[in-house]
Amino acid sequence: MKRLFFALLLVAAISLPAFSVNLATSARAAIPADVQQIICVDYRALKNSPTALALKARVLPDNIKEFEQSLRNIGIDPDNDVEQLSFTSFRSKGQVQVIGVAQGQFSMKKVLLKIKAKKMKAAKYRLADIYPMSGGQDMVFLDDFTLLFGQKKALQAALDARDGEASSVASNAIISEQINAVQDGAVWSVLDKNGTQNMLRSTLGDAANLADYEMIKPRLMASRYTMDFNNGVKFNLDVITADAMTAATLSSLLKAGVMFRKTGATGPEKVALDSVTVDNDSTTLKLHFRTDEQRFQALLQSDLFASVSK
């Protein structure tokens, strides 16, 4: 349980590859039903928060950096043109696929002109025009200001969902409920049952081998988190369980982990752990983290953060 809080925080941070703008209607319609995880990031909120930008610079995965470069190659400036970026992993025909959606103030007409000038030809998929991007990905416009991208099979599965040829996330009541609960957050994510179990196993470390965790693991149903950068840094995680006893047991495990770690914590780690609260409300585990920007910036620069963000 050595990395308990920091692992939870980094689930949000590292996943940014996850700002108060709802998932675009056209984007939500293209999400297949068998969702594993959705992560949504509002780029405008990043620009308005030095702390958020510092976090992004420290933990942004290479594949997101490559995607930003791919956008620049087709005339879209991620820093100024993109308002929202979301990623969805889902299961399709026995495989996990990933799609991304960029929403913003770029012009489809201008982008297509630039693409055609590069002599990049579209492949037809029913009525959709799928264009190649750099890095081995493809892209298709869902509307004038919404761009869907990913591997070709993933795009085709997403278009099948949008066009009614396959079930969309609208038919997944559990995930839809989680989206509705968090989509006003600055950074937000939802995970299905398996994603939640994997996240908590990684978070708990050795404690995941305890009998208590093995007992409750099958009763973890879904989870959601938000991260906000207004007036400091706020991270809220809710884990939805099958019953109140499961939520209480999970709460006890996490509380014990925080208390255990506090006994040997110093510096930024102690400050961070002092800012964590764990509780349960009926069938939901609730973990909250609150701190000011100065303390969070110190945590970002610490050796501890460097070690757990690798």
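Taken together, the values in this text are just the output of simple stated rules run on the coordinates, not laboratory data. Keep in mind the model is a prediction, meaning the values are calculated, not measured. Every residue, glycine as well, gets a Cβ built from its backbone with ideal geometry; the counts of neighbours run over all protein chains shown.
Put simply, the Cα atoms of segment 185-308 extend 39, 33, 23 Å along their principal axes, the longest span coming first. The listed peptides 271-280, 88-97, 120-129, ordered by packing as a protection proxy, come out as 271-280, 88-97, 120-129 (highest mean of other Cβ atoms within 10 Å first). Would you mind classifying segment 21-171 by shape? Square roots of the alpha carbon gyration tensor eigenvalues, ordered a ≥ b ≥ c; an a/c under 1.5 is rounded, otherwise it is prolate if a/b is larger than b/c and oblate if not. Note, shape of segment 21-171 comes out oblate. Across all C-alpha atoms in segment 74-159, the radius of gyration and Dmax reach 12.7, 38 Å.
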